[in-house]
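Below you'll find the structure, written out as structure tokens, and then a few comments.
The values are calculated or read from the model by the stated rules, or taken from the named source; none is laboratory data. What you see is a predicted model; the values in this text were computed from it and never measured. Please note: Cβ atoms are built from the backbone with ideal geometry, for glycine as well, and neighbour counts cover all protein chains shown.
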Amino acid sequence: MEQIKKVVFIGVGILSVILGIVGIFVPGLPTTPFLLLSSWLFYKSSKSLHDRLHRSPLGKYIRHYESRKGVSLLSKFLSIICMWMMVCISAFLFIESWQIRIVLLGLGIIGSGSILLIVPTAKD
């Protein structure tokens with residue numbers, strides 16, 4: 001059972017790294033949360049993958065988050081602005097169904113609340 005858990009954690013960790021890399025290039029898809037998730041999953045399953053992630057160029061995102069003990073207010077503000085730009089573009093330019101628009105706008109509200117209330121704010 002422990003071995004299955006390890007394999008699942010490594011698989012999800014690798015998927016999370018891939019999503020984090022895609023997030024570097026795709027506006028609206030976050031990078032740091034996926035890399036933080038990968039770091040935690042690798043910490044629980046594979047010390048070598050955990051260390052490798054932290055030594056890689058992607059490790060700077062994790063180190064930046066860890067060293068500042070949170071995200072600056074400016075970063076939170078810019079994240080919310082970018083997220084809402086993508087939500088609005090998607091909802092009003094590409095989606096015709098009002099039901100899906102409502103779901104998308106609801107997810108935008110949840111995302112904004114998460115950034116404001118769950119993501120820690122760095123102390124200056």
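Brief remarks on what is shown
- Within the range 12-57, being at pLDDT below 85 and either surrounded by 15 or more Cβ atoms within 10 Å (Cβ to Cβ) or hydrophobic (A, V, I, L, M, F, W, C) (or both) holds for 23, 24, 25, 26, 28, 29, 30, 31, 32, 33.
- Of the helices (runs of 4 or more DSSP H) that lie entirely inside the range 17-124, those containing 3 or more residues that are assigned by TED's automatic domain parsing to the domain that holds residue 3 span 32-45, 47-55, 59-68.
- Of all the residues in the range 82-117, those that are closer than 25 Å to residue 25 by Cβ and surrounded by fewer than 11 Cβ atoms within 10 Å (Cβ to Cβ) number 3.
- Total residues in the range 25-43 satisfying the condition of being touching a Phe, Trp or Tyr at 6+ places or on another chain (Cβ under 9 Å) and aliphatic (A, V, I, L, M): the figure is 3.
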